[in-house]
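The values are calculated or read from the model by the stated rules, or taken from the named source; none is laboratory data. Worth saying up front: this structure is predicted, and the values here are computed from it rather than measured. Note: ideal-geometry Cβ built from the backbone for every residue, glycine included; neighbour counts use all protein chains shown.
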Amino acid sequence: MSPIAHSAVKFTQRIRNSNLRHLTLNLIHEATKQPELAHFTVAKLKNPTHTSHTDSKQHTTVLLATEEQAKTNKSHTVHIYHDEIGNYTGHRIYPERQNKESDG
């Protein structure tokens, strides 16, 4: 499958900083080129670059789903890691889950 295009990513929040928005979309695009993530066709951005109490490495959080998962309102949370200039360095995929109202 092709990587997820920039125009296909759904945002749960507005990113006014165009550089951050571009970096985030590029990370999603690059991550979905990886064999483990290539079958996903739906992407919803949860959070642009940040750290969290559960993951101290800089990452972008995205919800990825197949068309079938999207129909049943399910997805996988994925942390997409990057270096200090925004290049993709890896990812961590979490188990499938039911989407929450707070997911946007």
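Brief remarks on what is shown
- Residues of segment 26-40 that are over 14 Å from TYR81 (Cβ atoms) and either in contact with an Asp or Glu (Cβ under 6 Å, 6 or more places away or on another chain) or not in a loop (DSSP other than H, G, I, E, B) (or both): HIS29 alone.
- Some residue of segment 47-59 being touching a strand residue (DSSP E or B) at 6+ places or on another chain (Cβ under 9 Å), within 14 Å of ILE93 (Cα to Cα) and in a strand (DSSP E or B): yes
- All conditions but one from (1) part of a strand (DSSP E or B); (2) out of contact with any Asp or Glu (no Cβ under 6 Å at 6 or more places or on another chain); (3) surrounded by 14 or more Cβ atoms within 10 Å (Cβ to Cβ) apply to HIS76; the one that does not is (2).
- Residue within segment 38-59 that is in contact with a Pro (Cβ under 9 Å, 6 or more places away or on another chain) and buried (at least 19 other Cβ atoms within 10 Å of the Cβ) present: no
- Unique residue being at pLDDT 95 or above and closer than 24 Å to LYS100 by Cβ when the list is GLU67, GLU30: GLU67
- Flag for THR24 being closer than 15 Å to HIS91 by Cα and over 13 Å from the mean Cα position of the chain (by Cα): no
- For segment 84-98, the set of residues classified as charged (D, E, K, R) and either closer than 15 Å to ASP55 by Cα or in a helix (DSSP H, G or I) (or both) consists of ARG92 only.
- Test: residue in segment 40-50 that is modelled with pLDDT of 95 or more, farther than 20 Å from GLU101 by Cα and hydroxyl-bearing (Ser, Thr, Tyr): yes
- Residue that is nearest to THR12 (Cα to Cα), among those in segment 78-104 that are out of contact with any helix residue (DSSP H, G or I) (no Cβ under 8 Å at 6 or more places or on another chain) and either touching a residue at least 60 places away in the same chain (Cβ under 8 Å) or aliphatic (A, V, I, L, M) (or both): GLY104
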